[in-house]
């Protein structure tokens with residue numbers, strides 16, 4: 001594992017994560033009708049920071065291995081879709097299109113998880129929290145959409 | 001070169017490129033004071049589509065090669081920053097922050113170009129139009145910022 005490779009992948013994560021700082025949840029998000037199981041606000045940056053560290057670790061473990069083409073392709077796909085979700089949800093307030101982005105992100109993360117497992121046990125395990133979190137985020141996005149169809153932009 | 005790997009990388013490109021459809025140039029962009037050398041609107045989607053095809057080709061050529069860790073890390077970094085720029089410029093209308101994103105994108109594309117050249121001549125060459133285009137886009141972003149400081153959000 002090359003530490004500089006780790007930091008370049010981590011920079012990609014924080015490039016995607018910068019959308020969270022640029023499109024912060026404001027009055028609009030506060031005013032949405034959310035399900036009782038919605039995590040408190042502080043959980044989101046903690047979860048994402050943890051996930052970003054884990055998937056940068058995973059990528060840097062497998063990037064130099066033989067046969068890592070699928071793992072790298074899925075890693076690239078998930079980070080692009082990850083960067084896309086926040087501007088669609090918080091920027092455009094398009095709750096339904098955000099669900100489509102999350103559905104594609106979930107598939108990309110599933111592909112990344114499986115292809116990392118094929119190469120390295122620890123890299124695969126490092127993707128599990130991400131897959132769980134995107135599942136929760138997807139369920140939350142669907143629930144919020146159903147409860148607030150009239151609030152959509 | 002694995003054609004499925006190519007299409008996953010291409011999907012990542014169109015995930016990033018979807019920001020262009022979601023945050024289209026509208027009245028605000030039309031009303032900006034732009035330099036005489038600004039390309040006409042139709043050039044942008046043509047340039048990006050060409051670049052996306054080229055860099056998906058480049059990634060799929062090198063992804064399975066030994067020692068492709070840096071190439072893949074820089075590829076991931078550039079696609080995350082690529083997805084970030086449009087929401088910052090067209091969504092938030094923050095012309096100055098958009099310059100910072102483009103400066104980081106330029107460095108990521110330079111890193112990707114050099115690391116792809118190290119592995120494969122055609123993959124490196126495929127990145128050259130991207131590097132040139134981001135240079136033009138950066139110059140345009142700086143010029144537009146200087147001419148329209150009062151139009152910033």
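FYI, it's all coordinate maths here, none of it is from the lab. Model, not experiment: these values are computed from the prediction. Here the Cβ positions follow ideal geometry from the backbone for every residue, glycine too, while neighbour counts run over all protein chains shown.
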Report, to the nearest 10°, how far helix A:3-22 tilts away from the longest principal axis of the Cα atoms in chain A, using its own Cα long axis and a range of 0 to 90°. 10 degrees
For the pair residue A:96/residue A:14, report the inter-label distance in nm, with labels modelled 7 Å from Cα in the Cβ direction. 3.8 nm
Please average, across the residues of A:8-14, the number of beta carbons from any other chain that are within 10 Å of each residue's own beta carbon, and give a whole number. 6
Between the alpha carbon centres of the range B:1-51 and the range A:38-81 the gap in Å comes to 25 Å
Per DSSP H run of at least 4 residues, take -39500 (n - 2.57); add these up for chain A, divide by its residues and hand me the 222 nm value, nearest 500 deg cm²/dmol. -25500 deg cm²/dmol
Largest fluctuation, A:98, A:83, A:73 only, Gaussian network model of chain A with Cα springs under 10 angstrom, belongs to A:73
Virtual spin-label span in nm between residue B:33 and residue A:148, 7 Å along Cα→Cβ: 3.9 nm
Which whole-number percent is the relative contact order of chain B (Cα, under 8 Å, 6+ apart)? 31 percent
C-alpha long axis of helix B:121-147 to longest principal axis of chain B, angle in °: 10 degrees
Candidates B:42, B:122, B:85; GNM for chain B (alpha-carbon contacts under 10 Å) flags as most fluctuating B:42
Starting with the highest mean, order B:16-22, B:143-149, A:24-30 by the number of other Cβ atoms within 10 Å, averaged over the residues of each peptide. B:16-22, B:143-149, A:24-30
Could you work out the mean count of beta carbons from other protein chains within 10 Å of each residue's beta carbon in A:60-71? 5
What average number of partner chain Cβ atoms lie no more than 10 Å from the Cβ of the residues making up A:118-128? 0
Which one of B:101, B:134, B:43 has the biggest mean-square fluctuation once chain B is modelled by GNM with Cα springs under 10 Å? B:43
